[in-house]
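Trainee: This is the structure I have questions about; it appears just below.
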Amino acid sequence: MKKTGAEIVWECLVREGVEHVFGYPGGAILPTYDAIWKYPIHHVLVRHEQGATHMADGYARASGGVGVAIATSGPGATNMVTGIATAMLDSSPIVCITGQVGSKLIGSDAFQEIDITGITLPITKHNALVTRPDEVARALREAFHIARSGRPGPVLVDITKDAQQGSCEFDWDQAVPQLPGFRPPLGYDQAEYEKALELINRAKRPLVLAGHGILLSGAGQALRRFVEKANIPVAMTLLGIGCLPALHSLNLGMMGMHGEAWVNHAIQEADLLIALGMRFDDRVTGNLKTYARNAAKIHVEIDRAELNKNVKVDVALVGDVGNVLEHLVTQVNPGDHCDWLSHIAELKGDAAVRDIQNLPDSGHLYAAHVINDLWRETGGRALVVSDVGQHQMWEAQYYHHTEPNSLITSGGLGTMGFALPAAIGAKFARPDAEVWVVVGDGGFQMTMAELATIAQEGLDINIALINNGYLGMVRQ
Ligand SMILES: Cc1cc2nc3c(=O)[nH]c(=O)nc-3n(C[C@H](O)[C@H](O)[C@H](O)COP(=O)(O)OP(=O)(O)OC[C@H]3O[C@@H](n4cnc5c(N)ncnc54)[C@H](O)[C@@H]3O)c2cc1C
Ligand SMILES: Cc1ncc(C[n+]2csc(CCOP(=O)(O)OP(=O)(O)O)c2C)c(N)n1
Ligand SMILES: [Mg+2]
């Protein structure tokens, strides 16, 4: 059946299961916009293309699927850069579609021509320039496949105006991805796995470092069964929050620079660290020379490039953490570790008593109190999208998340302005969720134009603006 490149764009998105796209029009993408009305896709008109990328990202993180953002060439495309980089550093699967000038004009500094595949090469998992209508379907199928498989990430497809306008035969089956160089890992080495099992069964002071990979893998239940059987305490990264209920007796809370001191002391004293779907970010390890020197280390990770990158490990298991945990659950010995757990309780000591929550009411409104109240008032069931700064850290400490994927935040890039648009995407993904934005006065002003998008779409989104009157984290 003959279709224009523009029609093929929407045809492919529908077949990929896309219901919402977040975008902003302009000349080079207009042929595609002109064709949208024939397809059952809801277009959300954003106020800035950065917002579109964060919305796609929030949609992806809240749904477990792929988010889609669309923009025109030149300034539309460059406005997407921050959102693409944010998704890249947090392994979030989004597909960005940009219009490009006509193929014959490429390289001539034409009006609104910019080399967006060049610009985004280091911040995308993959990108492609499409110059013919008969390349559109395969490029998009490959984009979705790459974005969601293995370690997820952002993919950009740049489509020239003539590729959108021209026509060709459309055949979905023919456009099956052909990616001979793209090989997500097949699975871990059995001998390494046996070594891991032995280390776990022998350890006296084991500790699990649980990361975002657990949530991406949907492995929260498997994690819980594993740690309950082996009685191993768990520390979470910022992006791993929610993988085990906050108030679970084995959950120590967040590790790293903004984690509790006693959690980091426990990590330093452990004899075995079991790192699951986390990448030993520098906010987590601090000085690598002194990081957990006495611990043997097991690392379960889907991206081979992360293994032995920051922290040298004793056992490296390449693959999906959920798959590894399913095997470990059946094969690990039931554990005791009572001495170790009571030692950690001693390390914790009176930290809870000294906590800011227990400060007497002096008439001051403390951000930590506000967030703790937010947790209580929402019964811990809200989908919280936090921005970047002190309020983000207080959210991580005082909102006790019980569900996987109930906290969405920019960890790796630390993008101020992320929260409000990401919450819009999250609300489209989970319309029944009570969505709360926790944002500082600085970050709010970076993308507050998206309030107009919220109003236009009639979205029920709550905003807790932690207005301390300054750029708190910088001042701190
Ligand atoms: C102001 C600020 C302060 C911060 N302070 C802290 C802090 O104190 N503590 C802290 O923890 N973080 C902190 N962060 C966040 C930090 O920068 C990192 O973003 C975070 O530590 C990364 O967590 P992660 O490794 O779990 O997730 P990611 O960076 O998302 O990495 C996930 C890893 O899991 C792997 N993976 C993906 N899917 C799978 C799968 N199916 N199976 C196996 N592996 C998989 C990926 O390849 C990747 O290596 C802070 C951020 C900001 C902005
Ligand atoms: C886009 C961007 N610019 C600058 C920074 C550096 N930065 C990190 S936190 C912060 C202050 C945030 O202030 P605010 O939003 O008011 O939150 P608070 O720390 O006061 O809670 C700044 C400027 C950043 N992370 N992102
Ligand atoms: Mg502030």
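Trainee: How would you order 230-243, 363-376 from highest to lowest mean count of nearby Cβ atoms within 10 Å?
Mentor: Values: 230-243: 25.3, 363-376: 15.3.
Result, highest mean Cβ count within 10 Å first: 230-243, 363-376.
Trainee: When the distances between all Cα atoms of region 299-440 are binned every 5 Å from zero, what whole-number percent does each bin get?
Mentor: 2, 8, 12, 12, 13, 16, 17, 13, 6, 2, 0
Trainee: If you don't mind, there's one more thing I want to ask. Please report, in cubic angstrom per residue, the volume enclosed by the convex hull of the alpha-carbon atoms of region 128-169.
Mentor: Numbers: hull volume 2.1 nm³, N = 42.
Value for region 128-169: 51 Å³ per residue.
Trainee: Out of every Cα pair in region 146-262, what percent are spaced more than 23 Å from each other?
Mentor: 53
Trainee: Follow-up question, since we're still on this one. Please give the charge dipole size of the chain, origin at the Cα centre, charges +1 on K and R Cβ atoms and -1 on D and E Cβ atoms. Round to the nearest 20 debye.
Mentor: 600
Trainee: For the charge dipole of region 319-476, defined by +1 on Lys and Arg C-beta atoms and -1 on Asp and Glu C-beta atoms about the Cα centroid, which residue among MET446, TYR398, LEU325 has the Cα displaced farthest towards the positive pole?
Mentor: Going by the Cα projections, it comes out as MET446.
Trainee: Please state the Cα pair-distance histogram of the chain with 10 angstrom bins from zero: what percent is in each bin?
Mentor: Whole-percent P(r) values from 0 Å outward: 4, 20, 28, 24, 16, 7, 2, 0.
Trainee: Sorted by mean Cβ packing within 10 Å, highest first, what order do the peptides 80-90, 170-180 take? Don't skip to the answer; put the middle values down first.
Mentor: Details: 80-90: 25.2, 170-180: 12.0.
In descending order of packing, they fall as 80-90, 170-180.
Trainee: Just want the answer: with Cβ charges of +1 for Lys and Arg and -1 for Asp and Glu, which residue in SER149, ILE84, GLN190 is farthest toward the dipole's positive end in region 78-202?
Mentor: GLN190
Trainee: Report, in listed order, any pair from LYS195/LYS427; LYS3/LYS125; LYS125/LYS289; LYS38/LYS427; LYS312/LYS427 with a Cα-Cα distance greater than 32 Å.
Mentor: Result: LYS195/LYS427; LYS312/LYS427 exceed 32 Å.
Trainee: Quick one: if you stick a label point 7 Å off each Cα along the C-beta vector at ALA110 and ASP373, how many nm between them?
Mentor: Distance between label points: 5.7 nm.
Trainee: Give me the distance between the Cα centres of region 277-317 and region 88-119, rounded to whole Å.
Mentor: When both Cα centres are located, 35 Å separates them.
A short reminder: the numbers here are calculations on the coordinates, not readings from a lab. For clarity, every value in this text was computed on a predicted model and none was experimentally measured. Counting neighbours? That spans all protein chains shown, and the Cβs are built from the backbone with ideal geometry, glycine included.
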